[in-house]
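The values are calculated or read from the model by the stated rules, or taken from the named source; none is laboratory data. The shown structure was predicted, so the numbers you read here are calculated from the model rather than taken from an experiment. Here the Cβ positions follow ideal geometry from the backbone for every residue, glycine too, while neighbour counts run over all protein chains shown.
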Amino acid sequence: MVAMSEQHTVGLILAGGESSRLNDKCWQSVGGVPMITRVLQAVAPVTDQVLVVGGDQAPNGIQSVPDEQPGTGPLAAIATGMRAAAADLYLVASCDIPFITTELLQYLVDAARGVDAVVPTVADRDQPLCAVYARGCLPAIGQALSSGRRRVDSFFADVQVRRIAEAELAQFGSPERLFFNVNTPHDLAQAQQMIVATNSDNLHNMTQ
């Protein structure tokens, strides 16, 4: 399925990083499904192409792009992905947010008209690793990196950013769940518990 947006959209799944607190993080399973597969299933329906940036491997049939500057952080990985595939928009998603949904991502893509970046905000914190960036951001990203600024938001002051507030995100479910990030064994265990609780609630609702 091709993205509903008239603009060519490439999904960039960020799979690099050392994962020092959780080995093979992308391939850890939540609810029996590897996290990277969960993210891919959410991203693919709203993009024209998906690339996995960094990491040692990608799901079958998905192109993997080596990080040009391994160990320098996700902003450099985003730049790598943008250089690897020409597009109008780039839907960026880290591999460790297993509860994002296609509906949410489609909303972010649709919100990108007329701006350079669409960034969700949860608990007053930007979520730049589940966001949409226009091709026009690449020069600002390159300038940030060349000047030693590696924070993902280090180029935001140089582009037009539309932030999606938590109240707006809530139409797609609990923002805290949607953007739940798995970085540690404790996080992974919590994600598993969230899956069990959801399945239990669904079963209860079906039997009412």
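Is there any pair linking a residue in the range 174-194 that is under 13 Å from Asn23 (Cα atoms) to one that is among the charged types (D, E, K, R) and surrounded by 14 or more Cβ atoms within 10 Å (Cβ to Cβ), with Cβ under 6 Å and at least six apart or on different chains, and which?
Qualifying pairs under 6 Å: Val182/Asp96.
What number of residues within the range 82-107 are farther than 17 Å from Asp153 by Cα and assigned to a helix (DSSP H, G or I)?
8
Looking at Thr80 and the list (1) over 13 Å from Leu145 (Cβ atoms); (2) polar (S, T, N, Q); (3) modelled with pLDDT of 95 or more, which single condition is not satisfied?
Of (1) over 13 Å from Leu145 (Cβ atoms); (2) polar (S, T, N, Q); (3) modelled with pLDDT of 95 or more, only one is false for Thr80: (1).
Under 7 Å between Cβ atoms, which residue pairs at least 6 apart in sequence (or on different chains) link something in the range 62-78 that is assigned to a helix (DSSP H, G or I) with a partner that is modelled with pLDDT under 85?
Correct list of pairs: Ala76/Asp67; Ala76/Glu68; Ala76/Gln69; Ala77/Gly16; Ala77/Asp67.
From the list Ser154, Ser174, which residue is among the hydroxyl-bearing types (Ser, Thr, Tyr), crowded, with 16+ Cβ neighbours inside 10 Å and either at pLDDT 95 or above or under 18 Å from the mean Cα position of the chain (by Cα) (or both)? If you could, list the steps in order and put the result at the bottom.
Working: Ser174 fails: crowded, with 16+ Cβ neighbours inside 10 Å.
Step by step, each of Ser154, Ser174 is checked, and only Ser154 is among the hydroxyl-bearing types (Ser, Thr, Tyr), crowded, with 16+ Cβ neighbours inside 10 Å and either at pLDDT 95 or above or under 18 Å from the mean Cα position of the chain (by Cα) (or both).
Each row is one residue, and each column tells you yes or no for (1) acidic (Asp, Glu); (2) at pLDDT below 95; (3) surrounded by fewer than 16 Cβ atoms within 10 Å (Cβ to Cβ); (4) in contact with a Leu (Cβ under 7 Å, 6 or more places away or on another chain).
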position: Gly17; (1), (2), (3), (4): no, yes, no, no
position: Cys26; (1), (2), (3), (4): no, yes, no, no
position: Ser29; (1), (2), (3), (4): no, yes, yes, no
position: Val50; (1), (2), (3), (4): no, no, no, yes
